[in-house]
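S.K.: Could you have a look at this structure, given as structure tokens, before my questions?
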Amino acid sequence: MRPSGRAAGALRDVSIETGIAHHAEGSCRIRMGLTEVLCTASVEGRVPGFLRGKGEGWITAEYGMLPRATHKRGEREATRGKQSGRTQEIQRLIARSLRAVVDRKAMGEMSITLDCDVLTADGGTRCAAITGAWVALHQAFAYCMARNVLARNPLTGQVAAVSCGLWQGEPVLDLDYAEDSAAQADANFVLTDSGGLVEVQAAAEGAPFSEGQLLGLMALAKQGTALLFTAQRKAIAA
């Protein structure tokens, strides 16, 4: 029995609400169980130096946790004067995931920054951030098209992410903190709605796991992201 009582293949309750940040070109708040992330998309009419004159855009991301997003207060990274390695790794993951489903030539020389701020953390924050960031990015592109800045939406598909793990030897979907902290293995899957793999992060926490168990986790991830793609479509249609 999972700590939450969920079936092995059950997601936590998911909700995505758009238009949360008044000033941002695109925004949403995504909730997956108790995990809650605010995602905003900010548009700039310029690109980094390495892209100037190439006629294509850029997508980047920043990620952070509010001090009381976790069980005890965490120090702001700005106070420490530098970002942790974990934060930098997650930021790069979010940006890579979004760039995988964007035609950057269709953007022209435009940059969009996805800010993903964790309001409450209960496992799967990077996965929720990726799933929500896609919605915020879609909203930003729609904003630009409505103002004739873009002729068409540069998105080529959807991308979403979900965690899976081995709990008491069995593959389970969408780990919360209680499961993640005690799982025998955990993995994050970033998938597209066309069935493509963007990234897979998987690690054993003790004894190695088998290829069959990894395939079992992937099967659950496909099942879970299919539901997340539906939630994304529902959010952008609202």
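S.K.: Give the order of 107, 1, 65, 145 when sorted by the count of other beta carbons within 10 angstrom, beginning with the fewest.
M.R.: Going from least to most buried by this count: 1, 145, 65, 107.
S.K.: Over 13 Å apart: what share of the alpha carbon pairs of the range 188-238 falls there, rounded to a whole percent?
M.R.: On the way: 818 of 1275 pairs.
Of all Cα-Cα distances in the range 188-238, 64 percent exceed 13 Å.
S.K.: Here is a follow-up. Which one, 133, 221, 19, is farthest towards the positive end of the dipole of the chain when Lys and Arg carry +1 and Asp and Glu -1 on their Cβ?
M.R.: Among 133, 221, 19, the one farthest towards the positive end of the dipole of the chain is 19.
S.K.: Now, a different point. Across bins of 10 angstrom width beginning at 0, how are the C-alpha pair distances of the range 12-58 distributed, in whole percent?
M.R.: Calculated P(r), rounded to whole percents: 24, 31, 25, 17, 3.
S.K.: Another question, if that's okay. Under 15 Å between alpha carbons, and skipping anything fewer than 8 positions from residue 234 in its own chain: which aspartates and glutamates qualify?
M.R.: Correct list for residue 234: 13, 17, 193.
S.K.: What's the whole-number percent of alpha carbon pairs in the chain lying beyond 22 angstrom?
M.R.: Working: 14747 of 28203 pairs.
Here the long-distance tail beyond 22 Å is 52 percent of all Cα pairs in the chain.
S.K.: Further, regarding this structure: Mean Kyte-Doolittle hydropathy of -0.5 or higher plus an axial Cα length of 18 Å or more: which whole DSSP H helices in the chain meet both?
M.R.: Working: long enough: 85-99 (21 Å, -0.80); 125-146 (31 Å, 0.89); 211-237 (39 Å, 0.51).
Passing helices, by number: 125-146, 211-237.
S.K.: Could you please rank 189, 229, placing first whichever residue has the fewest other Cβ atoms within 10 Å of its Cβ? Intermediate values should be presented prior to the final figure.
M.R.: Details: 189 24, 229 19.
So the ranking, lowest neighbour count to highest, is 229, 189.
S.K.: Considering every pair of different Cα atoms, what Kirkwood radius, in Å, is found for the range 105-238?
M.R.: On the way: mean 1/r = 0.0620 Å⁻¹.
Mean inverse Cα-Cα distance, inverted, gives 16.1 Å.
S.K.: While we're looking at this one, here's another question. Could you name the lysines whose alpha carbon sits less than 24 Å from that of residue 72, not counting residues in the same chain fewer than 8 places away?
M.R.: Excluding near neighbours in sequence, the set is 82.
S.K.: Under the √(5λ) rule applied to the eigenvalues of the Cα gyration tensor, what semi-axes describe the equivalent ellipsoid of the range 83-151? Give them in Å, descending. Don't skip to the end; give the middle numbers.
M.R.: On the way: eigenvalues 129, 35, 18 Å².
In descending order the semi-axes read 25, 13, 10 Å.
S.K.: For the range 30-70, run through the trypsin sites (Lys or Arg not before Pro) and keep only the ones in DSSP coil with at most 15 other Cβ atoms within 10 Å of their Cβ.
M.R.: 46, 52, 54, 68
Readers should treat all values here as calculations from the given coordinates under stated rules, not as data from a laboratory. For clarity, every value in this text was computed on a predicted model and none was experimentally measured. Note: ideal-geometry Cβ built from the backbone for every residue, glycine included; neighbour counts use all protein chains shown.
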